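Chemist: Submitted below is the structure of interest, expressed as structure tokens.
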Amino acid sequence: MLGQWAYVLGPMFFLTVYLAGLTSILSTIEPLSFSIQNKFGLSRSKTMTILIVVGACISMIYATAYGGDVLGFVDTFINQIALLIGVILECIIFAWIFKLINSLIS
């Protein structure tokens, strides 16, 4: 169907997916790095080294023989328990904020 274009479009597609993942992780790690730098007065290189080592150690758990089981437990916790707790806390916080705003208006 695509013919010779498949040899060009396929690698380009996966390259863009790779770049999207790379920029996504950078945008996730930057605020954390900045916060650690400001709170503890560390240099950027020291902060990033600490974050990389911690991230590598946590990632090693998934490379063990029980990595699939650990991933299943973590996935279940995040998708069923932590998400529910987050939604409940969000509702409580929004209700508190809007009640405060409504009392200030009236």
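The values are calculated or read from the model by the stated rules, or taken from the named source; none is laboratory data. On a predicted model such as this, the values are computed, not experimentally measured, just so you know. Cβ placement follows ideal geometry from the backbone for every residue including glycine, while neighbour counts extend to all protein chains displayed.
This table checks each residue for (1) surrounded by 11 or more Cβ atoms within 10 Å (Cβ to Cβ); (2) in contact with a Lys or Arg (Cβ under 8 Å, 6 or more places away or on another chain); (3) within 22 Å of Gly55 (Cβ to Cβ).
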site: Trp5; (1), (2), (3): no, no, no
site: Phe14; (1), (2), (3): no, no, no
site: Val17; (1), (2), (3): no, no, yes
site: Leu32; (1), (2), (3): yes, no, yes
site: Ile36; (1), (2), (3): yes, no, yes
site: Gly41; (1), (2), (3): no, no, yes
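Chemist: Under 9 Å by Cβ, and 6 or more places apart or on different chains, what pairs join a residue from the range 37-59 that is free of Cβ contacts under 8 Å to residues at least 40 places away in the same chain with one that is surrounded by 12 or more Cβ atoms within 10 Å (Cβ to Cβ) and not in a helix (DSSP H, G or I)?
Modeler: Ile50/Leu42
Results for (1) modelled with pLDDT of 95 or more; (2) within 30 Å of Ser33 (Cβ to Cβ); (3) hydroxyl-bearing (Ser, Thr, Tyr); (4) in a helix (DSSP H, G or I), shown as yes or no for each residue.
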site: Tyr62; (1), (2), (3), (4): no, yes, yes, yes
site: Leu71; (1), (2), (3), (4): no, yes, no, yes
site: Ile85; (1), (2), (3), (4): yes, yes, no, yes
site: Ala95; (1), (2), (3), (4): no, no, no, yes
site: Leu100; (1), (2), (3), (4): no, no, no, yes
site: Leu104; (1), (2), (3), (4): no, no, no, yes
